Amino acid sequence: MSLMSSHWRYIFMVEQRKKTATLNLRIDPELKEAAERAAADDQRSLTSLVEKLLSDHLKAHGYLGGTVTGTLSNEPHLASATPSGGVSTDKRS
């Protein structure tokens, strides 16, 4: 593959990426430190963790299409057994 074709392929891939919006928020420093530890444990950035948690919450409550992503196979610390034998990602249950 020539240098020119790989260059255009890279540009095409960059243009295909989903655009993102900026969200600035202020939170308690202790909450931020705990979230940074949780993100590191999941091998994620803090931004990735916040986006995933927000997305899962919005999907679970019908504000966003799709399904919640936390499962026993990839995130056992987020899942807990429910009385019906199903899986819940809600730590309050």
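The values are calculated or read from the model by the stated rules, or taken from the named source; none is laboratory data. Because the structure is a prediction, the values reported are computed rather than measured. Surface accessibility is based on the protein's heavy atoms, side chains included, excluding ligands, DNA and RNA. Shrake-Rupley method; radii C 1.70, N 1.55, O 1.52, S 1.80 Å.
Are any residues in region 48-76 open to solvent by 40 Å² or more (accessible area, probe 1.4 Å) and at pLDDT below 50, and if so, which ones?
Listed by number, the residues that qualify are THR71, LEU72, SER73, ASN74, PRO76.
If a residue has to be within 21 Å of THR69 (Cα to Cα) and either assigned to a helix (DSSP H, G or I) or at pLDDT 95 or above (or both) to count, how many in region 1-33 make the cut?
0
Restricting attention to region 38-68, which residues are among the hydrophobic types (A, V, I, L, M, F, W, C), more than 13 Å from the chain's Cα centre (by Cα) and part of a loop (DSSP other than H, G, I, E, B)?
Residue satisfying the conditions is LEU64 alone.
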